[in-house]
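What follows draws every value from the coordinates through simple rules; no lab data is involved. Keep in mind that what you see is a predicted model, and the values were worked out from it rather than measured. Neighbour counts are summed over all protein chains in view; Cβ atoms, including those assigned to glycine, are modelled from backbone coordinates with ideal geometry.
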């Protein structure tokens, strides 16, 4: 086990990762799935509904009052096991933003987006934050 930053699209904090043992013959075939972040079992977490990969710790939740393209969405300060597409300008409910779609690194499902830039000063707090739609995540670990 070792430390490594897991989000290639941002400056996410490093998390402890578990790597699977891979023989040299299969290393090239499985390289993209070699590392996956596992959030601590003692924390309430959110996971991908499609593959159960951990996505975010409940402590990183900023707001539940967001709207995604498929319904309600949550705003997170940081995420794990997520990749980013290219940034593009979009007019959202709160104005013009530069956003990048985010996807689950494990199953490649589009989950929401990352706010790269907000053009209105009142929306600057969103920069560098992540939207994940409820349609793509489930509560995992410690919600009893």
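Remark: 80, 91 ranked as 91, 80, counting other beta-carbon atoms within 10 Å and listing the fewest first.
Got a sec? How would 101, 140 order by Cβ neighbour count within 10 Å, fewest to most?
Fewest-to-most Cβ neighbours within 10 Å comes out as 101, 140.
Which order do 129, 108 fall in if you start with the one that has the fewest other Cβ atoms within 10 Å?
Least crowded to most crowded, the residues run 108, 129.
Let me make sure I get this right: for the range 37-144, a, b and c are the square roots of the gyration tensor eigenvalues over alpha carbons, sorted descending. Under 1.5 in a/c it's rounded, otherwise prolate if a/b > b/c, else oblate. Which is it? Because a/c hits 1.5 or more and a/b exceeds b/c, the range 37-144 counts as prolate.
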